[in-house]
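One structure is given here, and the rest of the page talks about it.
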Amino acid sequence: ALEKTKKDLDSKINDLSVARDSLKGDVDRLTETTARLRTGIQYFREGKVLFRANEVLTTATVNTTVDGIQNELLTVILETNQKVLARMGKPNEQVEALWISQSDYQAALKNLQNADRSMVVRIVVDENTVLGEPVIAHLELYPDKRIFERGEEIYKATINMDGQADNVEQIVLSFLQQVNNTAIAKGVLPEDTLRGTVGSVGGADFFNTISQLKKMGGQVELVAIVSEDTSVAGPLQIRLVARRVNPW
C-alpha cells in the first residue's frame, strides 16, 4: 500500500511538473511575442484599441470526418494571425501576433479529434488589445448543423400601420431585432458578438420595405424569409415581405 501511495504521489508530481513547464513555455512565448511586436514603435498602454474583448476574429467550419484535423486547425489559426498582423499594419512580418495558450489549443484539438460531426471553430479575443500587444485569444467549438432552410419564414408579426407613417423605420428596426433574437435562440452564432447580430438584410430590401409600409394602412403582416440555407456558423441572410391582412 505504501509503495502504491508513493507511485501515486510521484505521478502527481510529474503531472504538476509538466503543467509548470507548459505554463512557463506559454509565458516565455508571450513575452517574446510582445517584445517583437513593440519593436520600432513607441508603446502606450492607453493607445488606440485595435481589438476588443469578446470580438470574434474568425469563424470556420472544420470537417472532423477526414484526416488532417490538426492541419485544418493550424491553418485557421495561421490565417487569423495574418489578419491580426494586417490590422496592426504589419502584414509582411512573420510574428506570432495571435496568442493562444498551448493548453487551450491541445484541448480544442482533442475535442475535434473526438467529434462525430463537423465543428464550428471560433477564435475570440480575451481582452482589449492596443498596438504593440499580442492578441490573447481562445478557441470555442460548436457542433455544426443546419438551423434554417432557404425560403423558411423565420419570424412574422402583424402591425397596425394606421397613423404610423413617421415611425416606420423604427418599426422595421424593432422587427429585425426580433428576427435576430429568434435566430440566436434557434442556435445561430452572432456574426458580430460586440453588437449581438447574426446577419443582415439587404439595404435595398430594407428601404423598399419602409417605402412600401408607408403606403399601407390598417393591419399589415411583416415576414422575414431566409434567403439561403443557414447553419450554426451563419451569417443569416433574409428578405422582407409586407402583405395586407384581410379584415374578414
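The values are calculated or read from the model by the stated rules, or taken from the named source; none is laboratory data. Because the structure is a prediction, the values reported are computed rather than measured. Note: ideal-geometry Cβ built from the backbone for every residue, glycine included; neighbour counts use all protein chains shown.
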Could you tell me whether any residue of segment 106-117 is closer than 30 Å to F175 by Cα, out of contact with any helix residue (DSSP H, G or I) (no Cβ under 6 Å at 6 or more places or on another chain), part of a loop (DSSP other than H, G, I, E, B) and not acidic (D, E)? no
When restricted to V49, V84, the only residue modelled with pLDDT of 90 or more, in contact with a strand residue (DSSP E or B) (Cβ under 6 Å, 6 or more places away or on another chain) and outside the structural domain of D192 (by TED's automatic domain parsing) is V84
The condition of being of a type in the set (A, V, I, L, M, F, W, C) and modelled with pLDDT of 95 or more holds, among L141, L109, only for L141
Can you tell me which condition P91 does not meet? The list is (1) within 25 Å of E55 (Cβ to Cβ); (2) assigned to a loop (DSSP other than H, G, I, E, B); (3) touching a residue at least 24 places away in the same chain (Cβ under 8 Å), and all the others hold. (3)
Could you tell me whether K214 is surrounded by 14 or more Cβ atoms within 10 Å (Cβ to Cβ), modelled with pLDDT under 90 and among the basic types (K, R)? yes
Pair list, Cβ under 7 Å, 6 or more apart: segment 179-194 residue outside the structural domain of S227 (by TED's automatic domain parsing), other residue part of a loop (DSSP other than H, G, I, E, B) and at pLDDT 90 or above: none
Can you name the residue in segment 204-234 that is touching a Ser or Thr at 6+ places or on another chain (Cβ under 7 Å) and either polar (S, T, N, Q) or not in a strand (DSSP E or B) (or both) and is also farthest from N54 (Cα to Cα) among such residues? Q219
